[in-house]
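A quick write-up on the structure given underneath.
The values are calculated or read from the model by the stated rules, or taken from the named source; none is laboratory data. The structure displayed is predicted, hence computed values, not measured ones. Don't worry about glycine lacking a Cβ; one is built from the backbone with ideal geometry, like all the others, and counts go over all protein chains shown.
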Amino acid sequence: MNKILLIIQREFLTRVRKKTFIIGTILFPVLYLALIFGSGYIADKTREDLKIALIDRSGLFTKDQIEQVNGKDTANTIQLISSNTERVIAGYDSLGFDGYLVIPGNFNWQTGADSLIVNTKKSYGMGALNPIEKKINALWNKIKHDSLGIDINKEVLLNKSISLKLHNEQNRNADAVAASTIGYVCGFLMYLILLLYGSQVMMGVTEEKTSRIAEVVVSSVKPFQLMIGKIVGIGMVALTQFLIWIACIFLIYNVGKASGNNSETSFAIVAQIQHVFTSVDIYLTVGCFIFYMLGGFFFYSSLYAAIGSAINEDMREAQSLSFPITMLVIFSIFLMAPTIANPGSPVAVWASIIPFSSPIVMMARIPFGVPNTVPWWQLGLSMVLLIAGFMLTTWFAARIYRTGILMYGKKPSWKEMLKWAFRK
């Protein structure tokens, strides 16, 4: 037992002292926030803003209507052209317009048209025309309402729509949007942790094997002890990094809460975070995340360790042998979207119970509520099967590891590795 603890200590301290661990721990939340806000900023800066000349030959459109529709939006505007229309059509680009739209003379409020053509001299993206299209439709609705004698009050009444919100009788604070967001975040974090740290186990075993350090180590400890120590040590690294991220989230929340009264923006952000925290059982969610992160990591990293012990210096061997395991993780992330869309479906239930997919899929279901969406028996069964699953994969991987760690110069296959596993 002392030897395993020494291996765990070595694996943990070696990795947390690396600059890559420190930089990755700091940069991941920063880059994630930059991805969220930066993508919106880039989309806003790269947006195509159009100025369209509206040539009305039907006489239905008025300047006042167009000014109302344009409003304060100076990015995408429509300008009514009532004179010198042919000159505008011939040289609209030289007059500062990006295109022109002709309303035909036979256009009337009773029939209208399915589509109108905006003439431009260059191609635009699919989304560039949407703001102009919305404004034309708003103009057309105004014309129809005026023609039917519908005043502003009746227009407001006609435009009112009914929105539906779910009311969870067992949890009044439940919010489907917040639960979906947390489900996606937890699922993708689990996906990254399983692949990133699982591959670290594989590469660590391979490096020790190719550098012949493993031969020295296994002379004093059993191969199984070496594998368990390496897996648990790297698993503690993953847990440490996750806890640091959680601490950063609570720190930002408390700092923002303290200064929220002095800033409307910070108050709004704090209110949103507080809404997320109150809409789900945050302690149960974090506790389950830690369990499924460690359980899923042990489940997959033992298999990655077995592969690392079987391969030599050729990384193509690692890619080909680890492909089936990686596909299981990728398949689990594909199951996450239908699970969040319908967390009570049979696919979601069984995928959250089966060990190879439960770390990702169950974490996508838990934010929707326990026990009303995820019954206690499903959560308990999922945990028990995950424990049994990583015990089975650890036993299976240890049988491969004891032979593969000392095997050199031969390219293995899954068939041969299975023979190693069941060899007495």
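Does Phe334 fit the bill of being assigned by TED's automatic domain parsing to the domain that holds Ala305, of a type outside the set (Gly, Ala, Ser) and either surrounded by 21 or more Cβ atoms within 10 Å (Cβ to Cβ) or at positive phi (or both)?
Spelling it out, it is not the case that Phe334 is assigned by TED's automatic domain parsing to the domain that holds Ala305, of a type outside the set (Gly, Ala, Ser) and either surrounded by 21 or more Cβ atoms within 10 Å (Cβ to Cβ) or at positive phi (or both).
Which ones in region 341-370 are surrounded by 19 or more Cβ atoms within 10 Å (Cβ to Cβ) and more than 23 Å from Phe390 (Cβ to Cβ)?
Passing the criteria: Pro343, Pro367, Phe368, Gly369.
Any idea which of Thr339, Thr326 is in the same structural domain as Ile400 (by TED's automatic domain parsing), out of contact with any Gly (no Cβ under 8 Å at 6 or more places or on another chain) and not acidic (Asp, Glu)? Before the answer, list the steps.
Numbers: Thr339 fails: out of contact with any Gly (no Cβ under 8 Å at 6 or more places or on another chain).
Answer to the check: Thr326.
Please state which one of Thr373, Thr393, Thr403 is β-branched (Val, Ile, Thr) and buried (at least 20 other Cβ atoms within 10 Å of the Cβ).
Thr393
Would you confirm whether any residue within region 109-129 is in contact with a Gly (Cβ under 7 Å, 6 or more places away or on another chain) and either among the hydroxyl-bearing types (Ser, Thr, Tyr) or at pLDDT below 80 (or both)?
Applying the first criterion (in contact with a Gly (Cβ under 7 Å, 6 or more places away or on another chain)) to region 109-129 yields 118-120.
After this cut, where a residue has to be either among the hydroxyl-bearing types (Ser, Thr, Tyr) or at pLDDT below 80 (or both) as well, the list is 120.
Yes, the conditions are met somewhere in region 109-129.
Given the options Ile354, Ile366, name the one that is closer than 18 Å to Met190 by Cβ and in contact with a Cys (Cβ under 6 Å, 6 or more places away or on another chain). Let's see the steps before the verdict.
Details: Ile354 fails: in contact with a Cys (Cβ under 6 Å, 6 or more places away or on another chain).
Answer to the check: Ile366.
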